[in-house]
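Before any comments, here is the structure.
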Amino acid sequence: MKESDWLPVASNKFALIKNCKIPHLRADWAQTEHLRIENCELGEVYIRDGRIGKLEIIGCSLMKLDVSRTQVKEQDVRVREGGKISGHVTVTEGSNIKLLPR
């Protein structure tokens, strides 16, 4: 995806989800400048088909992360990568998100 393919800046400048328990979090088609998810217990997280300026997922426990086809400019996503590890499943198909070690 080229820089010119990005839509105009979304009205949402910053979204923070912090210190909570959520069994299913769906943020498909999200367009925001900054999305931060911090210190949460999450079941399934779906952030598919989004355009996000900066994505941060820090200090969270989760069972499934699906960021298929989501494009970000900056990222700090610290979750286990790949397949299935102790019940954790990560899907990054068509996305430019790179997962960092926890």
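Read-outs: derived from the displayed coordinates by stated rules, not from any lab. Since the structure is predicted, the reported quantities are computational estimates derived from the model, not experimental observations. Quick reminder, even Gly has a Cβ in these numbers, built from the backbone with ideal geometry, and neighbours come from all protein chains shown.
General remarks:
- Working ranking of peptides 13-23, 55-65 by packing, defined as the average number of other Cβ atoms within 10 Å per residue, highest first, is 55-65, 13-23.
- Charge context of Val77, other residues only, Cβ under 9 angstrom, K/R +1, D/E -1: 0
- Charged neighbours of Cys40, selected by a Cβ distance under 13 Å, balance to 0 (K, R count +1; D, E count -1).
- For the range 14-91, the convex hull drawn through the C-alpha positions has a volume of 71 cubic angstrom per residue.
- Summing Lys and Arg as +1 and Asp and Glu as -1 over all other residues whose Cβ lies under 11 Å from the Cβ of Ala27 gives a net charge of -1.
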